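Undergrad: The structure is given below, and queries will be raised subsequently.
FYI, it's all coordinate maths here, none of it is from the lab. Quantities reported herein were computed from a predicted structural model and do not represent experimental measurements. All Cβ positions, even for glycine, are placed from backbone atoms using ideal geometry, and neighbour counts span all protein chains on display.
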Amino acid sequence: MAKEDSNQGATTAVEKGLGIIERAWDAQWALRLTCILLFFDIAMLMHFQRGLWQWADIDKSLVNNVGWLAATFVGLSLVVAIVTPVVLTAFKQIFLLVVYHVWDRYFDSSTDQSSSQSSGYVTTHTFYTFALQEKDDFLWRIYQEHKRNNEESQSLRQSVAQLTATALIASLIDWWYGHITPDGHSVIGVLFDFLGSSAVIVTLIVVMCAIAILKWAWAPSYRPSVIYYPPLASRIREKERRQREL
């Protein structure tokens, strides 16, 4: 019986470990974890003049300082709830200003504006009007599902963009505070030292990927919202053909 319990406990531990590894591939979960670690590293640098990488030097003081731990978690909650939205709003406005004045000047953001009826798609507004006219529950469910999918997609975009921007700002603060702290080593600073001469290239790659994510989420190229419904697309094409013949 004891052996079976031991095997079951080991199996549960392995399953939990695999679950954590699987979640690590989730972008939002990984970005949240990164932001929390960076915030904790900054807090340690401010209070102990040591970063997470130097945990061994202050482990007893850190574990015994329950008040500091509680204040750190409360501070994290306040930053996430109050400070971060304000900072991200300003950061987003600056980013959009740069995108609309620089990005679009050098990169072609135009999209194919040709009629989509030939491929069986109609605009969402056209389909919505058609569903109201027909008073058909099936058509209305198609429209509601399309609307719900769009809202979920937009919510995902905004969440990933906010976490990406937060991680970028936290990384910059962590690097800066580690740089000005005597004998302190921040997580970002340690990563830079580990990468050595490749640090600049890796940093540029990470920043460019982050910019691409923010561009995708905050300033996507315009594409008309369409729904695939060939019967209505055929009807519209036929109507346009008759109008051309008149």
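Undergrad: So if R0 is 22 Å, what FRET efficiency would GLU134 and GLN154 give, r being the distance between their Cβ atoms, rounded to the nearest 0.05?
TA: 0.20
Undergrad: For an R0 of 22 angstrom, estimate the FRET efficiency from the Cβ-Cβ distance between LEU195 and LEU37 and round to the nearest 0.05.
TA: 0.80
Undergrad: Please report the net charge: other residues with Cβ closer than 12 Å to the Cβ of ARG157, K and R +1, D and E -1.
TA: Local charge sum for ARG157: -1.
Undergrad: Testing the spin-label approximation: label points 7 Å from Cα along Cα→Cβ at ALA212 and ARG141. State their distance in nm.
TA: 3.9
Undergrad: Restricting attention to region 201-246, which trypsin sites (Lys or Arg not before Pro) occupy a DSSP loop and are surrounded by at most 13 other Cβ atoms within 10 Å?
TA: none
Undergrad: Let me ask something else. With a sphere of radius 11 Å drawn around the Cβ of VAL122, what net charge do the other residues whose Cβ falls strictly inside it have (Lys, Arg +1; Asp, Glu -1)?
TA: +2
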